[in-house]
Every structure is written in C-alpha cells, then in structure tokens.
1. Does residue A:241 meet the test of being polar (S, T, N, Q) and modelled with pLDDT under 90?
2. All but one of (1) more than 9 Å from chain A (Cβ to nearest Cβ); (2) closer than 30 Å to residue B:259 by Cβ; (3) buried (at least 23 other Cβ atoms within 10 Å of the Cβ) hold for residue B:69, so report the exception by its number.
3. Residues that are away from chain B (no Cβ under 14 Å) and at pLDDT 90 or above: list the helices (runs of 4 or more DSSP H) wholly contained in the range A:1-85 that include at least 3 such residues.
4. How many of the residues in the range B:364-390 are in contact with an Asp or Glu (Cβ under 9 Å, 6 or more places away or on another chain) and under 30 Å from residue B:265 (Cα atoms)?
5. Go through (1) within 21 Å of the chain's Cα centre (by Cα); (2) surrounded by fewer than 17 Cβ atoms within 10 Å (Cβ to Cβ) for residue A:302 and report which single condition fails.
6. Among the listed residues B:261, B:194, B:211, identify the single one that is under 15 Å from residue B:166 (Cβ atoms), aliphatic (A, V, I, L, M) and surrounded by fewer than 19 Cβ atoms within 10 Å (Cβ to Cβ).
7. Would the range A:296-305 turn up any residue that is away from every other protein chain (no Cβ under 14 Å) and modelled with pLDDT under 85?
8. Whether any residue in the range A:220-240 is in contact with an Asp or Glu (Cβ under 9 Å, 6 or more places away or on another chain), within 14 Å of chain B (Cβ to nearest Cβ) and crowded, with 24+ Cβ neighbours inside 10 Å is what I want to check.
Amino acid sequence: MSQQPPGEEIARRLVARASWQPLEVLFWAAALASIYVLPGRHLILTEIAILGLFALSLDLILGYAGIVSLGQAAFFGFGAYAAGLLAKYDLVTEPLLALIVSGVAAALVGFVTSFLVLRGSDLTRIMVTLGVALVLREIANRYAWLTGGADGLQGVEIKPLFGLYRFDMFGHTAFCYALGVLIVLFLLARRIVHSPFGLSLQSIKGNPVRAAAVGIPVNGRLVAIYTIAAGYAGVAGALLTQTTAFTSLSVLDFERSADLLLVLIIGGTGYLYGGLIGAILFKLMQDYLAALTPQYWPFWIGLLLVAIVLIGRERIMSWTKPIRALARRLDWRRSTTAVAVEGQRP
Amino acid sequence: MRRLTALKAALAVGLLGLTSAAWAQDPVKIGLILPMTGQQASTGKQIKAGVDLYIKEHGDTVAGRKIEVILKDDAAVPDNTKRLAQELIVNDKVSVIAGFGVTPAALAAAPLATEGKVIELVMAAGTSIITERSPYIARTSFTLAQSSVPLADWAAKNGIKKVVTMVSDYAPGHDAEKSFSDRFKEAGGEVIEAIRFPLANPDFAPFLQRAADAKPDAIMVFVPSGQGGTFMKQFTERGLDKAGIKVIGPGDVTDDDLLPAMGDAVLGAVTAHFYSADHPSAKNQAYVEAFKKANNFRPNFMSVGGYDGMHLIYEALKKTGGKADGDTLIAAMKGMSWESPRGPISIDPETRDIIQNVYMRKVEKKAGELYNVEFATFEGIKDPVKAAKK
C-alpha cells in the first residue's frame, strides 16, 4: 500500500471510518426491536430517545467543533414552547410539520446567538451560552400571558400524527414517533460529520489557527454547526412538548443543560453514539434509583458519576472488548474488502 | 361454528368470573407523586409523613383489600409528574394518583386522570382551577382564596385601611392577590400597591423597600410554603416591623414546619389558614403527638392534606365495598364529611373541592416555642373563586 499516493490512502481510511460498523447496525436493530419487545416501557424509552437526540445536538458542537456549552437548554426550551404554542393556537396542527417549524425556529435563535459564541475561548463560551439560556428563561417567565409563566403552558392539545395516529396514554405512538425522528436526524448527523464539512470542523477543534491557515473559514463553519445543533435541540424540545402535551419553565432550566453535559460525559463525545448511550444509562439509572429511594436518589447518582470518572470510561469500554472483537470477526465486509484490495494490487 | 361461539361465551364468562374473583384480593394501589427532592422537598416530606401515619394508625387493609402506596419523586417538575403519573396508571394500574406538591404538577396530570378514569387526589397544590380540570379530581388541601377572603374581612374590621399585597408570581399567588383585594375593597379598604415577585429564588429586599415606601398599615403576603422564613427575616432586617407595618397573609408564610426557626421577628404576624399545629382539639393533640413521635419535626398544613387524603380514600373504599374504579370511587367521595385534626371538613359534592373552617391566628410563644394561636373562626368556607363563578 505504500506505493499509493498519500491522498488516496487518507481517502480510503476516511471512507472506511464512515462505513457502517456491525455494532451500529446491532444498536439500531435493538432500538427498533424495543418497539415490540418492551411495549410496557415506551414512556421512559420516549424520554430516552428525546434526551438522546438532545445529547446528539451537544455532541455535534462539543465533540466535533469543540464548543463547550452550558446553555443548550435555551434551544431545547425554545423548541418546546414553539411546538406548544403552535398546537395551542392551532397554527400548525400536523405534529410532524409543527416539529419541523419548531426546529427551524430554534435553529434561527441558534444562528443569531452563534455570533456571541464565536468570541472568546472555552470559559467565555460557557458563560455566554449559560447567559443566553438564563435570559430566555426569564423572558418565558416574564411573558406569562403567552407562556403561562411559572404555571406552565396549559391547554396544549396535540392532534393525531398524520391525522391517523392519536398520541395514546401508553406512549406507543409517542415512542415510534420519537424514535423515527431520532433515526432520521441521526442519519443526517452521521452524514454531516463524515462529510468534508464535518472533517473541517474536526480540524478546527484540533487547532483553529492552523485550520484557518489551510483555508478553512473557521467562523462560518462554527456558525453553521452551532445553528444545526440548535435546530436539533429545538426538535428534541418540541418532541417533549408533543409527547407530553404540556410544557413548563423547567425545559429552560439550568439543570437541563447541566444534566445534558453529564449525559455526554457518561457516554463520551465525538462519536455520535456517546449521547445516545449516555442517555440510556442516565435515564435508566435515574429511574431505577428513584424507584428504590425516592428521597435520596441524587446521592447515588452523584456517587456513580464520581465512580465512572474515577474508573475511567476507557477502562469500562475495555470490558466490552470481547464483544467488539466478536463483532469485528462477524463483519461480513471485512474479508470481502480485504480481498478486493488484494485483487487491485498490481 | 355455533359450538365455537358457545365455547367463546363460556370462556368469556369464565374469564369474567376469574377477574372479579381476582379483584377481591388484589391490592388497591395508590401512586403518591411528591416532590421529595429539590426546592419543594419539605412539602413532600410532610405529606409522606402524614400518609405513613394514617396507614400506621388504621392498618393497611380496608374493605378486604390491601392498600399499597407507591411513592415517586417528581422534584416538582411537571413533565416528570406527567410521565410518572402515566407510568403509574399504565404499568402499575393504580386506582388513585395522589400528592402533587405544586399547581403545575397537578394540572399536568389532570388529562391523564380523565383519560385513565383514575382518581387524582390533590393533597397540596392550592390553585382554585385545579379541580375543574377533570371530573376525577378531589382535593384535601385548600384553595388560596379560602384563606384570603376571610383574611380580607378580618383586616377590614380590625382597623387596617391601606394594604400592599406581595405575592409570588404564579397561579396560587394570583389567586391570593385577587381574592384578597376584591374582598378588601368591597369592605371599604384600599390596596395601594400590588407587588409580584418571581417564584424561584426571590430576593425580597427590593420589593419590601417598595412596599415600605408606600407606607401601608399592613402587608398582605403570599409565598409558597418554604419561603416564609426568608421573607420574615428580610422584613425585620429592613426594620419594617418597627415602622409599625403589620404582616398578614394566608398561613403559608408562617408555616408550622419552619415557624420555630423564624425567631421572634414573626411574633404578632396575623394569618388566616385552615390548620395550625396548635389547633385546640383532642383529635389534633393526638395527631401532633403521634406525628412528632414518628418523625422528629412538627406537622404542618401539608401533612394534614396527606393524612386526610388517606382518610378520604379509606372511607370511600369502605363505602364502595372495595370497588376502586374511578367513577364509583369519585361518587363515594362526593359529600363525605369527617372530623380532621384541622377541625370538621367535607368534600363539596358539586366541585369535589374541600369545605373547611378557616381560623384567624396570631404568632405567639407557647412553652418557649412559636405557634400560630387561633383566635377566631370562619366556619364552613367553600372555595370563594368557584362560588363567585355561579
């Protein structure tokens, strides 16, 4: 392979990295199977899907572009209120359409605020994103005639999906809907991060000055990904409103942004699945512990988080090595591509 | 073909028999959704203690059915409340969802009560509109207007002419402000300024200054249970007590749970409320004693909401012979009346809201501890907001 020009070699590696791994296929197969296998758990699964999508939005900016944010709830909340208001005043009655409108609206807010984030380094960014979220929360609190203020937005009624599927009490429709949206947006995110655009983001994350030196428009790229991520967060928020037919100030809480960062830390950044895995672990842990000790569960969550950090995620990941090794052995393409490469050799 | 139908019918009858036999032994499940963590945790703690005490005193079996309480923590976040209520109804098949520390939580669960035909028993939240949101909602706590209207009557008759109202900016606060102001103006009083402050983490100081500048005879204050201590502290720090301004309000501001720690600053504060740990009845003395023995704190008005809520469930089940479906149970709850630690109470058959006495109390020192000592009674108060709508 050493005879090949370096450009081709890099391209081959990038394509290999972007190709579907067996474990990924397994992950999504399991997600789809849960529709039939766990019908009694659809309510929490819906929450997991929404939190996973929300974490994905943070991963896009943190894991790929290196923007630390403590205010992602701003866009989540904006999307949530947008969806709530659209439904309450019968502006857009089709849930899917309302979801898209809410997502775009949140993306617009993201676009406007992205220019604040461009300035300064990590600490400034934390402050700015946090500030934006606080400001939005207070606006929602202040304009109670529109948002319901501290009482939450009452009287939201979500019409059936596509005019056919009512959001039932068991959460079946809600889960299928949330999972569907998650899959579509995940595929889009996967496409984005493996595209030249995504690669340029990673180089900006690595070293913005050098990235600028090789001709990458750093600011433009950051604005773009920040806007996209805001749209993702907005869709997640809108999903929450639509599946619960309710929204309140808690969607804009600082805790929501902070929890999100925790979720991503648990799952790991920069490979898209971190947010999803983190969301699953975080929610299940919370649900299980809160059922055991409704008074003291935050203590156990805290303890587990400290333990996870002390043990180190890499070490925990290494426990799954046998599974990954097995998956690699089962990879049907591996042998064929290897043969193909052999065959191409002169 | 006909034989098959006959077989099906026989099977159906058999199944029916089975289910009805099963229901006789099945436990009645009660989903108790309370804020056990977060800012409203003291509400959850009090109600849980009230519920536990009732079960301890009255056993866990009623009308041949075991009572099973499933406690969930919603941290007073309404979308948590909604999900938990949904899971309790769908997965645990509860007959009653109870608790609800704050109004938004109670409102979020209301559509589920209607859809699932499950009783929603409100043990804390005090906004008037809650019981109107579902025909399956009953309440054993109070409404803000129940306390505010008698308070306005009392203030007008006792030489208070000019009042500044100060309330937390959310539904119960608005209820308190409106019902007090309307009644007070009717009685010839004057509300010279209406101040609202944010619900979460308020700093009262600037608002208190505004109130002081208006030079009222009294400040009518409503803050949710838990914030009263801070309010009273800042009130005395600014020297408003020395300026001769009285503090009056619904009883949340001198909550029994926090009262002992408030210090002498609160001495003389006059409040109107439905429960005081000092209520002079044999029933209440026994209640306070048993409560203090089981927990190392004093019961407050939230705890009796939980205690009476359990009583309502127990008595309704006795009346229905253990039948716990929503329609039967809510019918049994309507019009029920009993003697609570707070005094005689009943459930209004029309609104499913509580009818109770409201007492005027003044903070005094008794055996070294601060108490709300009752000095006047308004009997059988219905929710004035709903009464006014008729």
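The values are calculated or read from the model by the stated rules, or taken from the named source; none is laboratory data. Keep in mind that this is a model prediction, so the values were computed, not measured. Don't worry about glycine lacking a Cβ; one is built from the backbone with ideal geometry, like all the others, and counts go over all protein chains shown.
1. In short, no.
2. (3)
3. Numbers: elements: A:6-18, A:22-37, A:42-62.
Counting at least 3 such residues, we get A:42-62.
4. 9
5. Residue A:302 satisfies all of (1) within 21 Å of the chain's Cα centre (by Cα); (2) surrounded by fewer than 17 Cβ atoms within 10 Å (Cβ to Cβ) except (1).
6. Working: B:261 fails: under 15 Å from residue B:166 (Cβ atoms); B:211 fails: surrounded by fewer than 19 Cβ atoms within 10 Å (Cβ to Cβ).
Only one candidate qualifies: B:194.
7. Within the range A:296-305, one or more residues are away from every other protein chain (no Cβ under 14 Å) and modelled with pLDDT under 85.
8. Checked against the condition, which is being in contact with an Asp or Glu (Cβ under 9 Å, 6 or more places away or on another chain), within 14 Å of chain B (Cβ to nearest Cβ) and crowded, with 24+ Cβ neighbours inside 10 Å, the range A:220-240 yields at least one hit.
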